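Trainee: The structure follows.
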Amino acid sequence: MAQGVSIHIGLNAVNPACYDGVWDGKLDGAEQDAKDMYAIAQQQGFQSVKLLAEAATRDAVITAIGEASEALVAGDFLLVTYGGHGGMLPDISGDECDGVDETWCLYDGHLLDDELGAWWGYFAAGVRILVVSDSCHSGTVTRGAAGKPRAMPRRAALGTWQQHRDFYTCLIANAPQDKPLQASVRLLAASTEGELAYDGVYDGLPNGFFTKCLKQVWAKGAFVGDYDAFFAALYDVMYLYQPPEHSVIGVRDPEYDRLKPFQI
């Protein structure tokens with residue numbers, strides 16, 4: 001019987017000392033996003049962990065993904081959700097046509113898309129991975145509405161790079177070795193690359209706009225349909241304010257395509 005593991009990351013603030021010394025990345029709804037996605041995962045039978053606020057460190061997230069890569073086998077399911085700021089750093093590996101790496105802003109530093117992309121290669125063939133990212137610039141993180149944008153300001157991004165250049169240069173040099181991608185990795189993203197995602201209070205509850213709409217479409221599990229139908233319904237309620245994105249990399253799995261979202 002297939003097993004499901006889920007990791008839910010949410011940060012309403014970061015440690016300024018790990019960025020430009022000033023920026024704290026304050027948000028209202030990102031931690032609630034993680035709690036709401038955790039609740040969906042629990043409803044679906046996942047073995048779940050929440051990494052919130054100060055617990056959402058680079059080491060904690062990388063460790064959780066690494067442990068999942070060792071435990072999961074063909075037919076198993078990994079769900080990773082993120083609520084927080086999306087960031088950008090100069091691309092020093094040379095693999096980005098726009099010259100920047102997209103990142104998740106964790107409590108003690110950026111987690112680069114290069115790092116996530118490398119980790120997916122450590123999963124066994126036949127593992128199904130779903131990444132749900134409620135952050136700005138999230139449309140390519142795997143390889144508006146009223147509210148506050150979930151984007152790290154350019155001033156803070158530049159300051160972070162200037163203050164921690166050696167750390168990120170060494171990080172790229174010692175990143176996990178790229179392996180052929182044998183898993184099927186699906187991304188549901190709050191926005192396309194370079195676009196903003198918004199944070200706010202909706203129906204009295206703090207959330208990202210994307211997570212608020214996802215919950216609306218999911219309807220506590222009443223939604224009927226596959227991933228394409230789910231994304232189409234999500235797009236219909238979001239596109240005027242914040243167009244989401246849906247993409248798949250790795251080995252295409254037709255059975256995975258036909259599943260109801262969040263189904264193990």
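The values are calculated or read from the model by the stated rules, or taken from the named source; none is laboratory data. Remember, predicted model here, so these are calculated numbers, not experimental data. Neighbour counts run over all protein chains shown; Cβ positions are idealised from the backbone, glycine included. What goes into the accessible areas is simple: the full protein's heavy atoms, side chains included, and nothing from ligands, DNA or RNA. Shrake-Rupley method; radii C 1.70, N 1.55, O 1.52, S 1.80 Å.
Trainee: Which percent of the accessible area of the chain is formed by carbon and sulfur heavy atoms (probe 1.4 angstrom)?
Mentor: The computed percentage sits at 53.
Trainee: With point charges of +1 on the Cβ of Lys and Arg and -1 on the Cβ of Asp and Glu, referenced to the Cα centre of the chain, which listed residue (Phe167, Gly84, Gly221) lies farthest in the positive direction of the dipole?
Mentor: Checked the options; the winner is Gly221.
Trainee: At q = 0.15, 0.21 Å⁻¹, work out log10 I(q)/I(0) for region 18-127 with the Debye formula, treating every Cα as an identical point scatterer and leaving solvent out; two decimals please.
Mentor: Log10 of I(q)/I(0), two decimals: -0.75, -1.27.
Trainee: So with the 1.4 Å probe, I'd like the accessible area per residue for the chain, rounded to whole Å².
Mentor: Spelled out: the 1.4 Å probe surface of the chain, per residue, equals 41 Å².
Trainee: Heavy-atom accessible area of Glu54 with all protein chains present, probe 1.4 Å, nearest 10 Å²?
Mentor: In the full protein context, Glu54 sits at about 120 Å².
Trainee: Any chance you could count the Lys pairs in the chain whose alpha carbons are under 20 Å apart, treating pairs 8 or more apart or on different chains as valid?
Mentor: Close lysine pairs under the 20 Å cut-off: 18.
Trainee: 222 nm [θ] for the chain, helices only, -39500 (n - 2.57) per DSSP H run of 4+, per residue, to 500?
Mentor: -9500 deg cm²/dmol
Trainee: At 1.4 Å probe size, what's the solvent-accessible area of Met88? Round to the nearest 10 Å².
Mentor: Near enough 50 Å² of accessible area.
Trainee: Which value in Å is the Kirkwood Rh of the chain over different Cα pairs?
Mentor: 18.2 Å
Trainee: If packing is taken as the average number of other Cβ atoms within 10 Å across a peptide's residues, how do 67-75, 19-27, 107-115 rank, most packed first?
Mentor: So the order, starting with the most tightly packed, is 107-115, 19-27, 67-75.
Trainee: Run the dipole for the chain about the Cα centre, Lys and Arg Cβ at +1, Asp and Glu Cβ at -1, nothing else charged, and hand back the magnitude in debye, nearest 20.
Mentor: 560 debye
Trainee: Between Asp257 and Ala53, what is the spin-label point distance in nm, taking each point 7 Å from the Cα along the Cα→C-beta axis?
Mentor: Label-label distance for Asp257 and Ala53, simple model: 4.4 nm.
Trainee: Percent relative contact order of region 1-96, based on C-alpha pairs within less than 8 angstrom and at least six residues apart? Write out the running numbers ahead of the final one.
Mentor: Working: 138 pairs, mean separation 41.5, N = 96.
Once divided by the residue count of region 1-96, the mean separation gives 43 percent.
Trainee: Under a plain spin-label model, where a point goes 7 Å from the Cα along Cα-to-Cβ, how far apart in nm are Tyr241 and Ala71?
Mentor: About 3.6 nm, to one decimal.
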